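Read-outs: derived from the displayed coordinates by stated rules, not from any lab. Being a predicted model, the structure only gives us computed values, none of them experimental. A quick note on method: Cβ atoms are made from the backbone with ideal geometry, for glycine too, and the neighbour counts reach across all protein chains shown.
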Amino acid sequence: MLGEYPISGRRASDIAASVESGVASGDLGPGHVLPPMRELAARLGVNPNTVAAAYRTLRERGVIETAGRRGSRVRPRPASTSRGSLRVEAPPGVRDLGDGNPDPALLPGLQEALAAAAADYGRGPRLYGDAAVVPRLAELARAGLDADGVPAGPVVVTSGSLDAIERVLTAHLKPGDAVAVEDPGWGALLDLVPALGMHVVPVALDEDGPLPGEVERALWSGARALVVTGRAQNPTGATVGRRRAQELRSVLAEHPGVLLIEDDHGHAIVDLPVHPLAGVTEHWAFVRSVSKAYGPDLRLAVLTGDRLTVDRVTGRQGLGPGWVSGLLQCAVAHLWASGAVDTARVARSYGERRDALVRALRDRGVTAYGRSGMNVWVPVSDETGAVARLLHAGWAAAPGARFRMASPQGVRLTVSPLSAADIEPLADAVAAAARPARPVSYG
């Protein structure tokens with residue numbers, strides 16, 4: 001319960017700031033229940049509407065959540081505490097396998113693409129009022145989406161996947177709504193949802209992606225949106241195959257009002273096909289990022305979806321940044337058109353390292369998952385101890401707490417920095433650091 005923490009203030013902003021200060025100091029820990037609005041209003045001598053406004057502000061900032069008659073309480077992980085802060089800094093001499101970055105050796109050079117963009121700019125700079133999406137990029141993006149079976153729809157360009165997902169969520173949902181998200185899943189997304197004042201509903205998964213029964217449970221419980229990673233799921237490497245896609249589409253068909261968002265961040269680094277779920281629900285979005293294959297600093301993703309969703313995203317984007325730099329769009333279009341990334345070679349490179357590590361761990365009695373992408377997920381019984389022991393052995397891993405809600409503990413290892421010679425020593429270190437865990441569904 002709240003105890004004696006002195007919430008203070010006469011204005012809504014001051015009351016909200018007082019609660020946030022208590023959360024930041026630790027005096028109001030996760031799960032602490034706040035006083036009913038009328039009770040706190042009487043205590044502070046203010047109108048109940050003032051407290052209601054303060055609580056609304058706190059919900060929108062992701063600090064508290066409201067559960068009907070059970071009242072308002074501090075969120076299990078307030079949005080002010082980023083999961084990205086739950087990382088282990090690799091001291092000198094320690095190999096960092098926790099940052100999740102692609103292998104720089106597999107990223108294409110940008111000189112030619114940027115020069116081509118500059119030449120295009122020289123022929124006529126983009127000005128206010130020009131189309132937000134460079135036509136050549138839209139053409140190439142739509143052709144790639146068509147080839148992968150993504151339903152027809154207009155294309156928007158955003159500043160990366162997370163920007164796209166945020167814009168789609170806010171286009172349809174409001175603070176207090178529930179969003180079904182993979183667990184374990186992308187830590188940034190698990191931070192974003194509560195930061196928008198929305199509630200995360202964890203969905204367990206296995207190597208084929210979200211479990212249909214778990215998705216059905218989440219949707220029947222009231223989740224208004226579902227976010228799915230089609231391949232190279234972070235952190236487990238799960239990939240939605242044809243059969244699982246059919247099962248998920250059947251579940252979604254019973255909930256046509258649910259907003260579906262598909263994140264294809266593994267595009268061009270995975271040789272497994274994507275099986276889109278889009279087209280079953282009324283509102284949907286499919287997001288394709290260039291970060292993993294072409295470079296995170298490009299900060300570019302393309303998004304397609306139903307007409308209403310795209311119109312809302314475009315309209316709101318126009319009132320903010322307006323558009324993503326045409327120079328970057330032209331550079332990415334050049335990279336795509338020139339075949340700057342050999343997808344088969346990149347996927348093979350990550351796959352060889354990932355598969356070798358998974359096999360080496362299983363040979364040592366350690367369960368590991370990594371069907372696609374650049375990460376391997378290792379369930380452990382004590383992730384804090386496992387991370388510490390790995391660090392002592394010279395390897396920095398990402399703690400599973402960055403990616404988990406209700407799922408069992410684990411650690412994530414990014415294979416990008418590994419060579420063939422690293423596999424056996426790393427597997428020995430992981431085996432020594434982690435107690436063998438039985439195979440589990442990730443939930």
Tabulate in residue order the Karplus-calculated ³J(HN,Hα) for region 147-154, using 6.51 cos²θ - 1.76 cosθ + 1.60 with θ = phi - 60°, rounded to whole Hz; enter x for Gly and Pro.
5, 9, x, 6, x, 4, x, x
Listed with the fewest Cβ neighbours within 10 Å leading, M198, M405 appear as M405, M198
To the nearest µm²/s, what D does Stokes-Einstein give for region 12-74 at 25 °C and 0.890 mPa s, using the Kirkwood radius over alpha carbon pairs as Rh?
213
For region 12-74, what relative contact order do you get, as a whole percent, if you take Cα pairs closer than 8 Å and at least 6 residues apart?
42
So, relative contact order of the chain in percent, Cα under 8 Å, 6 or more apart, is 19
Can you give me the distance in nm between label points at Q246 and A393, each placed 7 Å from the Cα along the Cα-to-Cβ direction?
4.2
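Would you mind ranking E262, E254, E139, E182 so that the residue whose beta carbon has the fewest other beta carbons within 10 Å leads the list?
Fewest-to-most ranking of E262, E254, E139, E182: E254, E139, E262, E182.
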Karplus (6.51, -1.76, 1.60) ³J(HN,Hα), θ = phi - 60°, over region 206-214, in Hz, Gly and Pro reported as x
10, 5, 9, x, x, 6, x, x, 5
Amide H of D382: which non-local residues (sequence gap of 5 or more, or other chain) have their own amide H closer than 5 Å, using H built in the peptide plane?
R435
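What's the FRET efficiency of R136 with R307 using the Cβ-Cβ distance as r and R₀ = 30 Å, to the nearest 0.05?
0.85
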Would you list L58, L190 from fewest to most Cβ contacts within 10 Å?
L190, L58
Quick one: Karplus J couplings for region 310-326, per residue in order, coefficients 6.51, -1.76, 1.60, θ = phi - 60°, nearest Hz, x for Gly and Pro?
5, 4, 5, 4, 5, x, 5, 4, x, 8, x, x, x, 6, 7, 2, x
Amide H to amide H, which residues 5 or more places from R371 or on other chains are under 5 Å from it, using H placed in the peptide plane?
A238
For R364, list long-range residues whose amide hydrogen, built 1.01 Å from N in the peptide plane, is under 5 Å from its own amide hydrogen.
none
Listed residues W336, W395, W220; largest mean-square fluctuation, Gaussian network over the chain with Cα springs below 10 Å, found at W220
Each label sits 7 Å from Cα toward the beta-carbon; between Y121 and E39 the label points are separated, in nm, by 5.9
Return the whole-Å distance between the Cα centroid of region 156-177 and the Cα centroid of region 378-440.
32
If each residue of separation counts as 0.36 nm, what is the full-extension length gain between A421 and A253 once their alpha-carbon separation is subtracted?
55.7 nm
